[in-house]
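The block underneath contains the structure these notes are about, expressed in structure tokens.
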Amino acid sequence: MSPEQREAASHQGNLVVLAGPGAGKTRTLVARIGYLLATVSRHRSVAAITFTDTAATEVGVRLRRLGMPGGRRVASNTIHGFCLRHILRPYARFTDVLFPDQVTVSDDKQLKAWWEQAALDSRMGQITDRDITNLNKQRRQLAAGEDPQAFDPRYLETIARFQRLLDEHQALDFDAMTERALAVLRSSAEVRRMLAARFSHLVVDEYQDLGPVLHAIVLTLLASGVQVTAVGDPDQMMFTFLGADARLLEELQQRADFASRALSVNFRSGARLIEAGQRVLGASRGYRSAPGREELGLITHETVDDDLDAHAAHAVAIAQERISNGTAPEEIAVLYPGKGPLLNHLKAELDRGQLAYDAEKARKIPSGPIADFVSDCTGRHLSGPLPGVSNRVAGAAEARTIMDLATLWHRRRIDAGLAIEEDTPRRLARQLTAVLDTAAKPAPSDPANAFLEGLCNALELGALAQASSDERDHTALDECRAVCANGLTLAELAGGRAPGRITLTTYHSAKGREFDVVILPGLINKHVPYYGQYGITEAELHIARRNFYVALTRARHEVVLLTGNFFTDAWGVPRYTSPSIFATDVLSTAAPASDYT
Ligand SMILES: Nc1ncnc2c1ncn2[C@@H]1O[C@H](COP(=O)(O)OP(=O)(O)OP(=O)(O)O)[C@@H](O)[C@H]1O
């Protein structure tokens with residue numbers, strides 16, 4: 001670990017860690033949890049909240065690798081998992097907060113139908129998906145304690161009616177979990193005391209994107225004596241449309257009872273690329289490359305004097321050239337701003353060039369506990385008996401051990417009411433070994449079909465999925481089978497990137513990932529940043545800039561910028577403009593303003 005990572009990991013007391021791209025957030029966070037476990041009473045625990053299930057699992061895996069298993073002393077969850085397991089299930093019954101014994105998280109289709117009904121009943125009329133996103137954002141602000149007077153009364157009524165529909169059907173969505181967990185905390189000093197007695201620390205990752213309800217939960221626990229570590233990067237905030245707000249992290253930073261540390265070494269990218277990122281931000285954050293790294297990184301710029309189809313053809317030609325020069329296809333990403341003509345042209349050109357690629361959402365494995373378990377088993381199957389030492393799958397989380405998987409499986413069987421008396425993690429581990437450690441060594445590019453079937457049969461996953469309280473599990477195995485029938489490889493089922501395929505994805509979905517080469521076609525003003533019918537607002541420009549920044553900072557060695565002056569928009573209207581202001585910023589020779597804030 002670097003000195004600044006070490007210092008952040010071993011700080012005493014409440015802490016905000018500002019970590020730029022490639023700063024090794026996960027490594028620092030895990031080391032901090034390890035440090036906290038070692039320095040507080042062994043009767044107390046640390047709660048870690050991460051953005052995704054995969055990240056929550058990764059924390060446990062890495063702790064074990066550090067030789068600090070933590071066991072029951074680390075509660076590593078997503079925000080929803082934390083609310084469910086550590087607040088609602090144990091404590092809701094001691095308060096007036098409604099919480100069904102049998103938790104079923106309703107699926108999106110059902111939730112949409114209830115939102116539509118609520119909107120009709122409150123005379124809001126027909127609503128779109130965008131309205132639902134907006135209603136949910138306002139619902140979060142209300143739950144966090146914002147003044148209802150500031151909201152449109154029709155919105156308020158729709159939200160109240162929607163919540164009544166959830167109650168009537170004994171149903172929940174993910175927001176209801178956080179809202180109700182906060183209500184439990186606020187309504188009972190006893191519960192707050194019990195949580196503070198158990199958890200000495202709460203460590204939260206990706207704080208900039210977690211929103212106002214989590215922030216209110218954090219402040220409530222803080223006031224009850226739990227120490228808090230918040231890790232984040234306001235420059236990479238991407239969930240504004242869900243209510244994320246960089247001011248929440250700032251609010252913690254400004255408190256007298258918090259210290260603040262910045263991780264300014266970027267272990268991912270060469271110095272030239274790091275500099276380019278700061279030019280896009282228009283501010284120097286003081287980021288620098290790893291000590292001793294001589295390779296500066298490459299910024300390649302080409303002007304394309306034609307429409308978006310030519311940008312696509314050019315991007316594909318560059319990818320092909322990098323592959324013929326020795327870059328692995330799975331280490332190349334072509335990133336685009338969003339749906340539209342550029343994406344269609346890119347797909348057509350990739351097909352024409354017979355370049356295998358993974359497009360966002362195609363061949364996507366479902367989410368949820370059973371699907372994650374299948375992924376974890378596949379990761380272990382590929383890594384063999386020495387996970388972490390051999391066969392790391394590009395883009396996948398580190399493989400779990402057989403014993404971890406057996407414990408997970410055991411827990412799921414108990415939750416589903418399927419456990420039998422002979423079920424011990426050790427016996428289950430033997431069963432798992434028989435399926436996962438096969439005589440013939442699997443290759444990441446092997447089709448996943450047969451392995452999935454073998455796994456489902458040997459572990460009776462069908463019954464487990466049907467009995468699960470998480471609705472996503474009911475369809476997860478069929479969805480897995482459907483993508484496997486489509487030629488999914490073992491590497492992909494393990495949550496990684498398919499060997500031999502380049503990645504084609506949006507700036508947004510590139511978050512948290514890294515590639516050797518990042519190709520950015522279509523950098524033309526009004527296309528990037530995108531101008532809607534009425535132009536672009538200051539706030540939208542900020543969001544677009546942050547998204548571009550995230551895209552740019554994914555590269556280890558090379559960024560390719562394809563700029564132009566002309567494109568035909570989604571309505572077939574030709575637009576004559578200039579190279580994207582973001583690309584111009586990257587290419588400008590001026591040093592970024594020095595205003596570290
Ligand atoms: N102290 C270190 N020494 C060497 N390599 C490191 C160190 N810390 C992190 N790394 C490596 O740097 C890379 C970036 O780390 P990581 O992906 O955790 O960054 P991050 O903070 O999550 O970045 P981002 O916010 O951009 O997604 C990884 O390949 C990681 O293994």
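The values are calculated or read from the model by the stated rules, or taken from the named source; none is laboratory data. This is a predicted model, so every value here is computed, not measured. Note that each Cβ is placed from the backbone with ideal geometry, even for glycine, and that neighbours are counted across all protein chains shown. When the accessible area is computed, the model is the full protein with side chains, heavy atoms only, and any ligands, DNA or RNA have been set aside. Shrake-Rupley method; radii C 1.70, N 1.55, O 1.52, S 1.80 Å.
Scanning region 48-75 for residues that are outside any helix (DSSP H, G or I) and either within 16 Å of the ligand (Cβ to nearest atom) or open to solvent by less than 20 Å² (accessible area, probe 1.4 Å) (or both) yields Ala48, Ile49, Thr50, Phe51, Thr52, Leu66, Ala75. Would you be able to say whether some residue in region 48-66 is more than 26 Å from Ile402 (Cα to Cα) and among the hydrophobic types (A, V, I, L, M, F, W, C)? Looking for residues that are more than 26 Å from Ile402 (Cα to Cα) and among the hydrophobic types (A, V, I, L, M, F, W, C), one finds none in region 48-66, hence no. Checking Asp108, Asp96 one by one, the residue that is under 30 Å from Gly496 (Cβ atoms), among the acidic types (Asp, Glu) and more than 16 Å from the ligand (Cβ to nearest atom) is Asp108 and no other. Which members of region 481-523 meet the condition of being in a strand (DSSP E or B), under 22 Å from Gln236 (Cα atoms) and not hydroxyl-bearing (Ser, Thr, Tyr)? Within region 481-523, Leu504, Phe515, Asp516, Val517, Val518, Ile519, Leu520, Pro521, Gly522, Leu523 qualify. Would it be correct to say that Ser509 is within 22 Å of the chain's Cα centre (by Cα) and hydroxyl-bearing (Ser, Thr, Tyr)? For Ser509, the condition - within 22 Å of the chain's Cα centre (by Cα) and hydroxyl-bearing (Ser, Thr, Tyr) - is met.
Here is a yes/no grid of residues against (1) assigned to a loop (DSSP other than H, G, I, E, B); (2) open to solvent by 50 Å² or more (accessible area, probe 1.4 Å); (3) of a type outside the set (Lys, Arg); (4) touching an Asp or Glu at 6+ places or on another chain (Cβ under 6 Å):
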{"position": "Ala118", "(1), (2), (3), (4)": "no, no, yes, no"}
{"position": "Gly145", "(1), (2), (3), (4)": "yes, yes, yes, no"}
{"position": "Gln163", "(1), (2), (3), (4)": "no, yes, yes, no"}
{"position": "Leu166", "(1), (2), (3), (4)": "no, no, yes, no"}
{"position": "Ala196", "(1), (2), (3), (4)": "no, no, yes, no"}
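Scanning region 76-89 finds no residues that are within 16 Å of the ligand (Cβ to nearest atom), open to solvent by 40 Å² or more (accessible area, probe 1.4 Å) and free of Cβ contacts under 8 Å to residues at least 12 places away in the same chain.
Close contacts from region 22-42, counting a first residue that is under 20 Å from Val550 (Cα atoms) and a second that is of a type in the set (Lys, Arg) and within 16 Å of the ligand (Cβ to nearest atom), with Cβ to Cβ under 8 Å and a gap of 6+ residues or different chains, come to Gly22/Arg268; Thr26/Arg62; Arg27/Arg62. Tell me yes or no: at least one residue of region 537-556 is within 16 Å of the ligand (Cβ to nearest atom), of a type in the set (Phe, Trp, Tyr) and not in a strand (DSSP E or B). Yes: one or more hits.
Working only within region 321-340, note down all residues that are in a helix (DSSP H, G or I), within 14 Å of Leu504 (Cα to Cα) and not charged (D, E, K, R). Residue satisfying the conditions is Pro329 alone.
Here is the figure for region 254-284: residues that are closer than 27 Å to Met1 by Cα, among the charged types (D, E, K, R) and either in a helix (DSSP H, G or I) or within 16 Å of the ligand (Cβ to nearest atom) (or both) total 4. Limited to region 1-47, what total is found for residues that are under 21 Å from Arg400 (Cα atoms), part of a helix (DSSP H, G or I) and within 11 Å of the ligand (Cβ to nearest atom)? Residues in region 1-47 being under 21 Å from Arg400 (Cα atoms), part of a helix (DSSP H, G or I) and within 11 Å of the ligand (Cβ to nearest atom): 7 in total.
Per the listing Glu321, Glu302, the residue uniquely surrounded by fewer than 18 Cβ atoms within 10 Å (Cβ to Cβ) and either within 16 Å of the ligand (Cβ to nearest atom) or touching a residue at least 40 places away in the same chain (Cβ under 8 Å) (or both) is Glu302. The residue that is most open to solvent (accessible area, probe 1.4 Å), counting only those in region 219-245 that are within 26 Å of Phe199 (Cα to Cα), of a type in the set (A, V, I, L, M) and assigned to a helix (DSSP H, G or I), is Ala223. For region 495-536, a residue qualifies if it is away from the ligand (no atom under 16 Å from the Cβ) and out of contact with any Leu (no Cβ under 9 Å at 6 or more places or on another chain), and the qualifying residues are Pro499, Gly500, Asn525, Lys526, Tyr530, Tyr531, Gly532, Gln533, Tyr534, Gly535, Ile536. Evaluating Glu251 against the criteria (1) open to solvent by 50 Å² or more (accessible area, probe 1.4 Å); (2) assigned to a helix (DSSP H, G or I); (3) within 14 Å of the ligand (Cβ to nearest atom) leaves one unmet condition, (3).
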